[in-house]
1. Just wondering, is there one or more residues in the range 104-111 that are within 14 Å of the chain's Cα centre (by Cα), within 16 Å of ligand 2 (Cβ to nearest atom), open to solvent by less than 10 Å² (accessible area, probe 1.4 Å) and of a type outside the set (S, T, N, Q)?
2. Assess whether Ser87 counts as being modelled with pLDDT of 95 or more and either open to solvent by 40 Å² or more (accessible area, probe 1.4 Å) or within 16 Å of ligand 1 (Cβ to nearest atom) (or both).
3. Would you tally the residues in the range 41-80 being over 18 Å from the mean Cα position of the chain (by Cα) and either without any contact (Cβ under 8 Å) to a residue 24 or more places away in the chain or within 16 Å of ligand 2 (Cβ to nearest atom) (or both)?
4. Cβ contacts < 8 Å: first residue farther than 14 Å from Thr92 by Cβ and charged (D, E, K, R), restricted to the range 18-32; second residue at pLDDT 95 or above and near ligand 1 (Cβ under 7 Å from one of its atoms), any location; separation 6+ or different chain. Result?
5. Please tell me if Ser30 is open to solvent by 10 Å² or more (accessible area, probe 1.4 Å), assigned to a loop (DSSP other than H, G, I, E, B) and within 16 Å of ligand 1 (Cβ to nearest atom).
6. For residues that are modelled with pLDDT of 75 or more and either in a loop (DSSP other than H, G, I, E, B) or within 16 Å of ligand 2 (Cβ to nearest atom) (or both), scanning just the range 1-27, find the one that is surrounded by the fewest Cβ atoms within 10 Å (Cβ to Cβ).
7. Which one is farthest from Val36 (Cα to Cα), of the residues in the range 164-198 that are among the acidic types (Asp, Glu) and in a helix (DSSP H, G or I)?
8. Name every residue in the range 71-84 that is open to solvent by 60 Å² or more (accessible area, probe 1.4 Å) and more than 13 Å from ligand 1 (Cβ to nearest atom), in order of residue number.
Amino acid sequence: MGNGLSDQSSVFSNLPCFKSLHIAILGLDSAGKTTVLYRLQFNEFVNTVPTKGFNSEKVKVALGTSRVTFHFWDVGGQEKLRPLWKSYTRCTDGIVFVVDSVDVERMEEAKTELHKLTRSSETQGVPVLIVANKQDLRHSLSVAQIEKMLALRELGAATPWHLQPTCAIIGDGLKEGLGRLYELILKRRKMLKQQKKR
Ligand code: G3D
Ligand code: MG
């Protein structure tokens, strides 16, 4: 699910070679951000503790026939830490916004933070992968429900996004989501390059 900007077929061919892509992993506390990070890094479940500051890891991920290096910044999601998000979204190539699919009560809060994030001048046009995490739990909301509750269609055409259902503890959906984010990042780069030429 997305706003159509990620639907075009394989952009993995003819890839320019990037050093590494800067990705901020954001979302409310306990959504599963650190679990996502360590699942991607070690390909295994790592027991997490609440993140007080941030975790930063460089991870090489095989996407199609390419190996892409992502530099992830997993930032604490507690309310008092959220003002710090700005420092990590400056010059970021993409954002992974993790949502707890069973936390119905805080979905509105997640929506507010996500919309605030995409409205800031520094993140204008930065692609966002919304991760609907904890899909393994029995009462998890469906992607369609989450799309509605987060009002993703209101993010506007300026923000390319993709909504991906995942289970970070076993890794389901993560690579697929990352692949979609990568496509969106490449498309944006291409577009910015063309705009510069004009
Ligand atoms: P955060 O970094 O966003 O604050 P964490 O969140 O990665 O620390 O995860 C918070 C809790 O959610 C952890 O449980 C973690 O194991 C759990 N979790 C993360 N992803 C999933 C998932 O996909 N499914 C399920 N069922 N649980 C998940 P604890 O018990 O340590 O608080
Ligand atoms: Mg954490």
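1. There is at least one residue in the range 104-111 that is within 14 Å of the chain's Cα centre (by Cα), within 16 Å of ligand 2 (Cβ to nearest atom), open to solvent by less than 10 Å² (accessible area, probe 1.4 Å) and of a type outside the set (S, T, N, Q).
2. Values: modelled with pLDDT of 95 or more: no; either open to solvent by 40 Å² or more (accessible area, probe 1.4 Å) or within 16 Å of ligand 1 (Cβ to nearest atom) (or both): yes.
No; evaluated as a whole, the condition is false for this residue.
3. Quick first cut of the range 41-80, residues over 18 Å from the mean Cα position of the chain (by Cα) only: 42, 44-50, 52-53, 64-67, 79-80.
Those left that are additionally either without any contact (Cβ under 8 Å) to a residue 24 or more places away in the chain or within 16 Å of ligand 2 (Cβ to nearest atom) (or both): 42, 44-50, 52-53, 67, 79-80.
Final tally of qualifying residues: 13.
4. Listed pairs, sorted by first residue: none to list.
5. Details: open to solvent by 10 Å² or more (accessible area, probe 1.4 Å): yes; assigned to a loop (DSSP other than H, G, I, E, B): yes; within 16 Å of ligand 1 (Cβ to nearest atom): yes.
Taking the combined requirement at face value, the residue satisfies it.
6. First, pick out the residues of the range 1-27 that are modelled with pLDDT of 75 or more: 20-27.
Right, trim to either in a loop (DSSP other than H, G, I, E, B) or within 16 Å of ligand 2 (Cβ to nearest atom) (or both) and you get 20, 23-27.
Details: Ser20: 14, Ile23: 26, Ala24: 27, Ile25: 28, Leu26: 25, Gly27: 26.
Out of the qualifying residues, it is Ser20.
7. Applying the first criterion (among the acidic types (Asp, Glu)) to the range 164-198 yields 172, 176, 183.
Remaining after also requiring in a helix (DSSP H, G or I): 176, 183.
Details: Glu176: 13, Glu183: 19 Å.
Among them, the one singled out is Glu183.
8. We begin by selecting, within the range 71-84, every residue open to solvent by 60 Å² or more (accessible area, probe 1.4 Å); these are 79-80, 83-84.
Scanning the range 71-84 gives Lys80, Pro83, Leu84.
The values are calculated or read from the model by the stated rules, or taken from the named source; none is laboratory data. On a predicted model such as this, the values are computed, not experimentally measured, just so you know. Cβ sites come from the backbone with ideal geometry, for glycine too, and all protein chains shown count toward neighbours. For accessibility, only protein heavy atoms count, side chains too; no ligands or nucleic acids. Shrake-Rupley method; radii C 1.70, N 1.55, O 1.52, S 1.80 Å.
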